[in-house]
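Everything on this sheet refers to the single structure shown next.
We did not get these values from a lab; they are worked out from the coordinates using the rules stated. These numbers were taken from a predicted model, which means no experiment stands behind them. Reconstructed Cβ throughout: ideal geometry from the backbone, glycine too, with neighbour counts over all protein chains shown.
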């Protein structure tokens, strides 16, 4: 990671500099504290020795700080939704950065205090064998396995069940209607449905009737809107 160099200090980025200034004054991460360290932040940038790309990152943060400072000096200043979002985003990024920095230091301290053990691959030409403790018996294996099975039975996941409805095939329904009209020339739609008024049967039956009507086998008649539909067979061979 490239460092942003200051004459008296080094910072790993614009957030690192901003956090250091806030911590030096024992401030919380708020708009008021950000406003109070704006001038110091700008002073550090003026002393900076950095390339253009790195400087641009610092200037982006600086522009948001100037916006916060302006709002603090002029409370009546109205900010756009984008500007308000920029301020909130800066505060959130700074809080997250502080958490990561604290956790990094915590991990470094743990590394220094404790011996770290790292495993390695088996040595070449060395056979890996199972070497259980001398007191381990087959009876202990059996008891452990039984306990595992008992635990599994108690905590096993019961999958949800779902009833599967047998769908009516359109072709089969057309054939059924053709057979039905051989015994009688005229039916109402309700008579054809019978007691099977579920949505799937209703839709498939209606499509079958429309298909036969389109082919000229049936004539449909309805006297009133939403009234009963009478179905008459034209010719059934």
Exercise. Say R0 is 22 Å: what FRET efficiency, to the nearest 0.05, do residue 42 and residue 108 get from their beta-carbon distance?
Worked result: 0.10
Exercise. Between residue 223 and residue 28, what is the label-to-label distance in nm when each label sits 7 Å out along the Cα-to-Cβ direction?
Worked result: 8.0
Seminar exercise, completed: Across 5 Å bins beginning at 0, the whole-percent shares of Cα-Cα pair distances in region 170-233 come to 4, 18, 30, 30, 15, 3, 0
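Could you order the peptides 61-71, 209-219 from most to least packed, using the average number of other C-beta atoms within 10 Å per residue?
The densest-packed peptide leads the list: 61-71, 209-219.
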Exercise. Of the peptides 136-148, 21-33, how do they stack up when ordered by the mean number of other Cβ atoms within 10 Å, highest first?
Worked result: 21-33, 136-148
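With a cut-off of 8 Å between alpha carbons and a minimum separation of six or more residues, what is the relative contact order of region 14-103 in percent? Don't skip to the end; give the middle numbers.
Details: 52 pairs, mean separation 33.9, N = 90.
Relative CO of region 14-103 lands at 38 percent.
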